[in-house]
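Okay, structure first, notes after.
The values are calculated or read from the model by the stated rules, or taken from the named source; none is laboratory data. Everything quoted here is computed from the prediction, not taken from an experiment. Cβ coordinates were reconstructed from backbone atoms using ideal geometry, including for glycine residues, and neighbour counts include every protein chain displayed. Accessible surface areas use protein heavy atoms only, side chains included; no ligands, DNA or RNA. Shrake-Rupley method; radii C 1.70, N 1.55, O 1.52, S 1.80 Å.
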Amino acid sequence: MTMMLFSKLTVLAVFGACDALLTNPVQASSTASVKSRVINPLGTDRAYVTRDIKTPDPIPEEGQVEALEIMKTGRLYRYNVAKADESAVSKCEMEIAAYTGHKYCVGLNSCGSALMLLLKTTGLKHGEKVLSNAFTFGAVPSAIEHAGGKAVYVESDMDMVMDLGDMEKKLQENPDCKHVLISHMRGKLADMQGIKDLCDKYDAILLEDCAHSLGVQYKGKHSGHMGVACAVSSQSYKMINSGEGGFLLTDDPDIAAQTAVYAGAYEALSGKHVTVPEKEYFKDYPTTIPNYSLRMSNLAASVIRPQIKTLDERIAKYNARYQKLHENLATRVGDHLSIPKLTPEVSTMVHDSMQFILDEKFDQEMIENFIEECNNHGLPVELFGHKTNARNFVNWGFAPANAPLPKTADMLSRACDVRMPLMWDDEDFEDMADVIVEAIEKVIEDVGLE
């Protein structure tokens with residue numbers, strides 16, 4: 001295993017009080033271990049979060065060094081190498097494919113591009129329908145629109161996953177729909193075997209958006225294997241961070257060949273890929289498929305590669321912290337909120353954020369007051385159903401729902417989301433729990449409920 005490079009300062013930080021993982025050898029701040037109640041700017045004994053909720057994982061020093069070397073050569077373009085395996089993108093594709101267990105992998109400029117190409121490479125024609133989650137990020141319906149498709153939304157349940165009963169109903173109502181693009185929002189996988197069975201029953205192609213599920217396993221296998229192909233993200237708030245970036249993964253040689261050409265493998269440039277099929281699978285694609293110039297750069301790949309090495313280590317840390325936070329909230333305010341349950345077949349989860357649904361007794365005013373209480377105490381809690389949230393289907397004017405979605409709307413109206421930055425310290429999550437609990441208690445007290 002290649003050893004990571006550390007400066008003298010970094011080594012001191014790692015072996016000092018900070019227990020940051022090797023992939024993140026940066027001590028966040030000199031005051032990180034100070035209990036936030038001591039410095040509550042409101043001057044009360046209420047908990048107050050002092051850390052930035054959007055703190056991304058820093059780029060490991062190994063990635064910084066490789067990126068600098070690439071910049072010194074000027075060879076940022078993935079094809080500006082003598083041999084395919086000399087490219088940082090090719091190396092990164094091999095490592096991602098090895099981690100997820102897929103045969104083919106093409107690095108792209110974004111996961112949105114990967115989602116669009118999932119549809120293009122599996123035969124979606126302009127105006128054709130695509131079934132997808134009613135609860136997802138706006139990038140998913142945007143990719144459907146980008147590919148020329150028309151989204152048909154399937155209800156999501158209180159566990160924030162696709163409702164199989166409504167899925168079958170929508171497939172029956174739309175017999176001409178031959179694509180299902182399921183989004184594993186916040187890493188939560190639905191009953192994928194049931195979804196695959198419905199796709200087979202109604203002759204639909206299953207595709208998986210794994211932007212949030214890198215590291216998640218279903219029945220002991222990495223997410224993204226129930227469908228014919230999947231997309232993974234390296235946007236800053238995902239498990240691998242290159243600012244923007246994505247990968248299309250598949251075991252299907254035709255999908256992989258098309259993807260490479262759509263991404264920009266013109267003429268004979270497919271020969272400078274490693275994780276694509278043999279030349280015969282490329283047929284006449286370089287002259288019949290447009291070049292959308294969606295390639296990943298060597299610079300992006302260089303900062304991703306060392307992060308792959310510590311995925312499992314970081315997942316373990318996320319999950320341990322999540323378990324403590326889950327137990328804390330369930331014990332103290334379990335009567336006032338519910339936390340979505342995992343699908344039983346999910347054998348490994350990645351809990352890099354916390355979602356909970358406020359109880360039905362919370363009306364709109366109480367929900368707004370809860371969010372405000374949290375924000376006023378340093379914790380930005382997102383309400384999925386907020387009128388401006390990009391995860392609320394009512395905001396997708398470019399791809400509007402053509403039928404009511406009452407189950408999803410009810411869930412979103414009370415569904416809250418909080419990031420769990422890896423670079424925070426353990427005591428910061430105690431503060432997070434305290435802020436949430438105290439905000440709920442304050443709102444309950446204000447309306448005279450118990």
*Heads up, I need the accessible area for Phe384: 1.4 angstrom probe, whole protein in place, Å², nearest 10.*
0 Å²
*On the full set of protein chains, 1.4 Å probe, figure out the accessible area of Glu95 and give it in Å² to the nearest 10.*
60 Å²
*asked:* Can you give the local net charge around His102? Use residues other than it whose beta-carbon is closer than 14 angstrom to its beta-carbon, Lys and Arg +1, Asp and Glu -1.
replied: -3
_Local electrostatic count at Gly264 - Lys and Arg +1, Asp and Glu -1, tallied over other residues with Cβ under 13 Å_ = +2
*If you count the DSSP beta bridges with both ends in the stretch 167-261, what percent of them are antiparallel, to the nearest 5?*
45 percent
_Students sometimes get this wrong: rank Asp428, Asp410 by accessible area, probe 1.4 Å, all chains present, largest first._
Asp410, Asp428
*Please report, in debye to the nearest 20, how large the charge dipole of the stretch 205-282 is about its Cα centre when each Lys and Arg carries +1 at its beta carbon and each Asp and Glu carries -1 there.*
300 debye
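Where both residues lie in the stretch 203-353, what percent of DSSP beta bridges are antiparallel, nearest 5?
The antiparallel proportion sits near 75 percent.
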*At a 1.4 Å probe radius, which order do Ser236, Ser156 fall into by accessible area, largest first?*
Ser236, Ser156
*Per the 1.4 Å probe, what fraction of the accessible area of the stretch 371-450, in percent, lies on carbon and sulfur atoms?*
50 percent
*Count the DSSP beta bridges whose two residues both fall in the chain, then state the antiparallel fraction as a percent rounded to the nearest 5.*
60 percent
_If you take every residue apart from Ala229 with its C-beta less than 12 Å away from the C-beta of Ala229, what net charge results, scoring Lys and Arg +1 and Asp and Glu -1?_
-3
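At R0 = 56 Å, how high is the FRET efficiency between Val65 and Leu449 if r is their beta carbon distance? Nearest 0.05 is fine.
0.50
Quick one: pull the percent of accessible area on the stretch 244-362 belonging to carbon and sulfur, 1.4 Å probe, ligands and nucleic acids left out.
49 percent
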*Could you work out how far apart the two model spin labels at Ala268 and Lys219 are, taking each label as a point 7 Å from the Cα in the direction of the beta carbon, and quote it in nm?*
4.3 nm
*asked:* Just to confirm the filter: which GluC sites (Glu not before Pro) across the stretch 257-346 are DSSP coil and have at most 11 other Cβ within 10 angstrom of their Cβ?
replied: Glu267, Glu278
*asked:* What number comes out for accessible area per residue over the chain if the probe is 1.4 Å? Units Å², please.
replied: 42 Å²
_With a 1.4 Å probe and all protein chains kept in place, how much accessible area does Met366 have, in Å² rounded to the nearest 10?_
10 Å²
*Once Cα extents along the principal axes in Å is worked out from the coordinates, which option in (i) 71, 63, 35; (ii) 86, 56, 41; (iii) 199, 85, 48 does it equal?*
(i)
*asked:* I need the GluC sites (Glu not before Pro) found in the stretch 124-173, filtered to DSSP loop residues with at most 15 other beta carbons within 10 Å of theirs.
replied: none
*asked:* Order Phe393, Phe370 by their accessible area, 1.4 angstrom probe, all chains in place, largest first.
replied: Phe393, Phe370
_Restricting the calculation to Cα positions, tell me the Rg (one decimal) and the Dmax (whole number) of the stretch 116-224 in Å._
12.7, 37
*asked:* Using the alpha carbons of the stretch 52-201, what is the convex hull volume per residue in cubic angstrom, as a whole number?
replied: 160 Å³
*Per DSSP H run of n ≥ 4, the term is -39500 (n - 2.57); total these for the chain, divide by its residue number, and report the mean residue ellipticity at 222 nm rounded to 500 deg cm²/dmol.*
-11000 deg cm²/dmol
*asked:* Placing +1 on the Cβ of each Lys and Arg and -1 on the Cβ of each Asp and Glu in the chain, which of Pro56, His273, Val232 has its Cα farthest towards the positive end of the resulting dipole?
replied: His273
*asked:* Two decimals, Cα atoms only, Kirkwood Rh: what is Rg/Rh over the stretch 323-450?
replied: 0.98
*Relative contact order of the stretch 37-104: what whole-number percent is it, with Cα pairs under 8 angstrom and at least 6 residues apart?*
12 percent
